[in-house]
1. Give me a count of the residues in the stretch 95-112 that are out of contact with any helix residue (DSSP H, G or I) (no Cβ under 9 Å at 6 or more places or on another chain) and in contact (Cβ under 8 Å) with a residue 12 or more places away in the chain.
2. Any chance the stretch 124-131 includes a residue that's aromatic (Phe, Trp, Tyr) and within 21 Å of Asn240 (Cβ to Cβ)?
3. Out of the stretch 307-328, which residues are farther than 19 Å from Ser147 by Cβ and either in contact with a strand residue (DSSP E or B) (Cβ under 8 Å, 6 or more places away or on another chain) or not in a helix (DSSP H, G or I) (or both)?
4. Only one of these conditions is not met by Tyr134: (1) at pLDDT 95 or above; (2) touching a Ser or Thr at 6+ places or on another chain (Cβ under 9 Å); (3) farther than 25 Å from Lys317 by Cα; (4) open to solvent by 10 Å² or more (accessible area, probe 1.4 Å). Which number is it?
5. Tell me whether the stretch 247-260 contains one or more residues that are touching a residue at least 60 places away in the same chain (Cβ under 8 Å) and within 22 Å of Asn150 (Cα to Cα).
6. Mind counting the residues in the stretch 90-115 that are open to solvent by 10 Å² or more (accessible area, probe 1.4 Å) and in contact with a strand residue (DSSP E or B) (Cβ under 8 Å, 6 or more places away or on another chain)?
7. Could we say that Cys74 is of a type outside the set (Lys, Arg), modelled with pLDDT of 95 or more and within 25 Å of Gly297 (Cβ to Cβ) here?
Amino acid sequence: MPTVTLPTGRSFDADPTLSILDAARNAGITLEYSCRTGRCGICKAPAAGDTTLLRSEDESLSREEAAAGLILTCCRAATGAVALDIEPLDRLANLAIKTMPARIVAIDRLAPNVVSVTLKTPPSSPMRFVAGQYIDVLADGVRRSYSLANAPRKDGVLEMIIKRYPNGRLSSYWFDRAQPNDLVRIEGPFGTFFLRDDGPRNVVFLATGTGIAPVKALLEELAADPDQASRHCLSVFWGNREAENFCWNPANLGLDVRFEYLLSGPDISWAGSRGYVHEAAVSDGIDPNDTVVYACGSSAMIGSAREVLLARGLPAKRFFSDAFVSSN
């Protein structure tokens, strides 16, 4: 059986029919990832050894990166001894991924094309997760991924913020047919977008569209720990193309947070800030030596933000992201 070794010295057996990411999970080790399909690039890591492709890496791994020895752990399997330069995420190690029923508690219209959906899991089998993760919803014959918009709660409630997409299979379900008390099936938790401990003083959140959902969850986690929150200077830059989609206000969290709304669409009545979230963050002033960035939303925003911020000296290890990719 091939073996994968991490910088910590830990190693695990890797079934050559499974991705390195899945083999690690089977061994109780969580590695950085998001989409699990080779499209977001979050699981990118340097590797030395024998691997084989299970699915294409072309969408998010450049030829230059591949030539430099980087792989996507969700796309490659180990066929021999592999040294993988990526840190395990021990905070997620004991969170079991499982499938369970969930009941719709409420569907609230936040904007013409945005709803908040509240789900309740069985009291005897709550879903354990950390703020910032996502779940898959299995309904109407399809599976779709949604970030959780709340930090864990004792009552087992899960909140999602969902945008309508033209011809979207689950969009039509959420906006036209779903009702309170309906049952859906969910699987999770997934993802590695969560607050890292003992980070720099300046914490910058970048969000586009419903990418505000996991940012909301991370802010709720900070609000529940005032001592931790007081050690940081918090900034949120949230961008939308339509002003009506700025449908959440963080004021009730009780956090000292700078919050800037940025419109990228053509609405002439908008009197607030305009432009792109990463450009606004740079204009605001980022100290690369004392800043960590959490970015969630479109893959285009995340790619641009990462390129710009790393060029200004932000270490790659302090840029965390969760890219929303197409379900196609």
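The values are calculated or read from the model by the stated rules, or taken from the named source; none is laboratory data. Keep in mind it's a predicted model, so treat the numbers as computed, not measured. Backbone-built Cβ (ideal geometry, glycine too); neighbour counts: all protein chains shown. Each accessible area value is taken on the protein alone, full model and side chains, heavy atoms only, with ligands, DNA and RNA left out. Shrake-Rupley method; radii C 1.70, N 1.55, O 1.52, S 1.80 Å.
1. As a first pass, look at the stretch 95-112 and keep what is out of contact with any helix residue (DSSP H, G or I) (no Cβ under 9 Å at 6 or more places or on another chain): 95-96, 98-106, 108.
Imposing the further condition that a residue be in contact (Cβ under 8 Å) with a residue 12 or more places away in the chain reduces the set to 95-96, 98-106.
Residues meeting the conditions: 11.
2. First, pick out the residues of the stretch 124-131 that are aromatic (Phe, Trp, Tyr): 129.
Narrowing the set further to residues that are within 21 Å of Asn240 (Cβ to Cβ) leaves none.
Within the stretch 124-131, none of the residues are aromatic (Phe, Trp, Tyr) and within 21 Å of Asn240 (Cβ to Cβ).
3. Selection gives Leu309, Leu310, Arg312, Gly313, Leu314, Pro315, Arg318.
4. (3)
5. Checked against the condition, which is being touching a residue at least 60 places away in the same chain (Cβ under 8 Å) and within 22 Å of Asn150 (Cα to Cα), the stretch 247-260 yields at least one hit.
6. 13
7. Yes: the conditions hold for Cys74.
Condition check ((1) within 17 Å of Cys296 (Cα to Cα); (2) under 20 Å from the mean Cα position of the chain (by Cα); (3) among the charged types (D, E, K, R)) across all residues:
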position: Ile212; (1), (2), (3): yes, yes, no
position: Ala217; (1), (2), (3): yes, yes, no
position: His232; (1), (2), (3): no, no, no
position: Ser235; (1), (2), (3): yes, yes, no
position: Gly239; (1), (2), (3): yes, yes, no
position: Leu262; (1), (2), (3): yes, no, no
position: Ala280; (1), (2), (3): yes, no, no
